[in-house]
Amino acid sequence: MPTSQPEAPLAVEMIGISKSFPGVQALDGVTFGVRRGEVHALLGENGAGKSTLMKILAGAQPADSGEIHLGGKPVRIQSPLDAQRLGISVIYQEFNLVPALSVAENIFLGREPTGAAGVMRWKQLFQDAEQVLARVGVPLEVRTPVDRLSVAHQQIVEIAKALSTNASVLVMDEPSSALTDRELERLFELIRGLKATGVSVVYISHRLEEIFEIADRVTVLRDGQHVQTADVTGATRADLIRWMVGREVDETATLPAKEIGAPTLTVDSLCAGVLRDITFHLNRGEVVGLTGLVGAGRTELARALFGADPVESGRVALAGEDVRVSSPQDAVRIGIGLVPEDRKLQGLVLGMNVRENSTLSSLAKFCTFGFVRGCEERSETQRLVDALSIRTPSIEQTVQNLSGGNQQKVVLAKWLLSECRLLMFDEPTRGVDVGAKAEIHQLIRDLADRGVAILMISSELPEVLKISDRILVMHEGRLAATLDRKEATQERIMHFATGGE
Ligand SMILES: Nc1ncnc2c1ncn2[C@@H]1O[C@H](COP(=O)(O)OP(=O)(O)OP(=O)(O)O)[C@@H](O)[C@H]1O
Ligand SMILES: [Mg+2]
């Protein structure tokens, strides 16, 4: 149970902050105060202005107007260095790591220990890095270049980097989206420890369960405006959702299949990497949930079917015909799509605009003799931007400028436009707000109703139970169970996911 400290003075206060970008009022007179030693959750839909507010606090972006007070006194924060000197540290939603540099160099970037004549003291650097990582509880090899690390471990490096500055105000912008449950538990322990020493933490996440577990107070933004600040203990999940979305969202409704047809995909005794003897099928019009603990082999299964990883043995058939998928190009050609988990790296071209990204993999559909039929391309993209409520001033906006969650929705749009017979989603709603989540679920169901077979990997059991017609549970590279929607419960799924018979 988080304890709030009503008496504690404000460590930071942002007063009347406004910020606009061409075509977007990102923040409109927002006031936000964080007490000493509290964990303050910052909530809001994708594009509500959370990251922008924190970038202003961190000196990464200038505000158009407003003031920042630190310990009761006005301060000017005009650069990240200013913020660092004032004891403010930020873990960004988009990682800020230098891919080719080692873990240790990234943690202490610009603050490396140097000896006489500025020579780097490598031994010291590595030791210091090991110490910080020990605090985080994840002993990474400090000499590894960060581009060789998994997304989760890159996230750990970001956290270590922020901790190493010994900040008194620590901002975490969706730190949990890439972490496993164990790593998340460790992060929460760390946050509680920091809190006890008087550090103030701003915590941003779309997973409401986390807010109740770790935060003392919560502030909600909507469309760049302050909506509510409240004690977490007095608030319910429904309150948070209503403040964020401005209406009730029914999270319990299920979305059953309209009509289930013949098998689209048949997999027989598939072995690949950690995968052992996987046998299952997916029918036309069906949504099948694929769940299990992190590391059970769910992503590996999707990658093997997509031709991204080699298959050792077994049979794969599409609509009754045996197929060999030896590359993602093969997969796309025969109508298999994969919306990857790691969207920043695999899903988007950040420098291109929303329209270009959306139609990237389905251009052929909009081409006559090699010419893109621009008007159709635009109207289809606009339709999806509306359906997914992607917050963007126009479909010509560069994807780089969208909020994190809205970038994710663009990746979904890209695959929703492509004409696949089989579409696999890996954690499709990670980092997406509750309202948009419900919309994405409906879109996935609509696709299935149009005859696409769908495999949806998700760690969120409520989501799996909501839209799956059947549920596959994996455990240590094997299929542990196939459950019908009617017989599935969270408890049964967890039973099989943890190795139960
Ligand atoms: N550099 C930029 N150029 C143009 N528009 C921007 C820029 N940065 C942010 N925006 C816009 O400002 C608004 C707020 O974005 P912000 O990133 O703060 O949202 P967020 O609340 O963090 O959302 P998410 O939950 O998706 O991360 C969005 O509409 C976004 O598109
Ligand atoms: Mg954000």
**Q.** Residues being in contact (Cβ under 8 Å) with a residue 60 or more places away in the chain and assigned to a strand (DSSP E or B) - total across the stretch 71-112
**A.** 4
(Q) So the check is Cβ under 9 Å with 6+ separation or different chains; which pairs have a first residue in the stretch 52-63 that's over 13 Å from Ile91 (Cα atoms) and a second one that's basic (Lys, Arg) and within 13 Å of ligand 2 (Cβ to nearest atom)? (A) Gln61/Lys55
Q | Tally, over the stretch 13-24, of residues that are under 30 Å from Ile395 (Cβ atoms) and either more than 16 Å from ligand 2 (Cβ to nearest atom) or of a type in the set (A, V, I, L, M, F, W, C) (or both) | A | 7
**Q.** When residues of the stretch 378-419 are limited to those that are charged (D, E, K, R) and within 18 Å of Ala438 (Cβ to Cβ), the one nearest to ligand 2 (Cβ to nearest atom)
**A.** Arg391
Q. Of the numbered conditions (1) closer than 24 Å to Val157 by Cβ; (2) within 16 Å of ligand 2 (Cβ to nearest atom); (3) small (Gly, Ala, Ser), Gly44 satisfies every one except a single condition; which is it?
A. (1)
Q.
Take residues that are surrounded by fewer than 20 Cβ atoms within 10 Å (Cβ to Cβ) and tell me which of the helices (runs of 4 or more DSSP H) falling wholly in the stretch 384-488 contain 1 or more.
A. 434-449, 461-467
Q) Out of all the residues in the stretch 50-104, which are more than 16 Å from ligand 2 (Cβ to nearest atom) and among the basic types (Lys, Arg)? A) Lys73, Arg76, Arg85
**Q.** Hey, Asp330 part of a helix (DSSP H, G or I), touching a residue at least 12 places away in the same chain (Cβ under 8 Å) and more than 25 Å from the chain's Cα centre (by Cα) or not
**A.** yes
Q | Residue identified as surrounded by 15 or more Cβ atoms within 10 Å (Cβ to Cβ), within 30 Å of Trp243 (Cα to Cα) and touching a residue at least 40 places away in the same chain (Cβ under 8 Å) among Val201, Val157, Val146, Val136 | A | Val201
**Q.** Options Arg445, Arg430, Arg450; residue that is of a type in the set (D, E, K, R), assigned by TED's automatic domain parsing to the domain that holds Leu282 and in contact with a strand residue (DSSP E or B) (Cβ under 7 Å, 6 or more places away or on another chain)
**A.** Arg445
**Q.** Filter result (of a type in the set (Ser, Thr, Tyr) and either within 25 Å of Ala296 (Cα to Cα) or within 16 Å of ligand 1 (Cβ to nearest atom) (or both)) within the stretch 145-191
**A.** Ser150, Ser176, Ser177, Thr180
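The values are calculated or read from the model by the stated rules, or taken from the named source; none is laboratory data. No experiment lies behind these values; they were computed from the predicted model shown. Glycine gets a Cβ as well: all are built from the backbone with ideal geometry, and neighbour counts include every protein chain shown.
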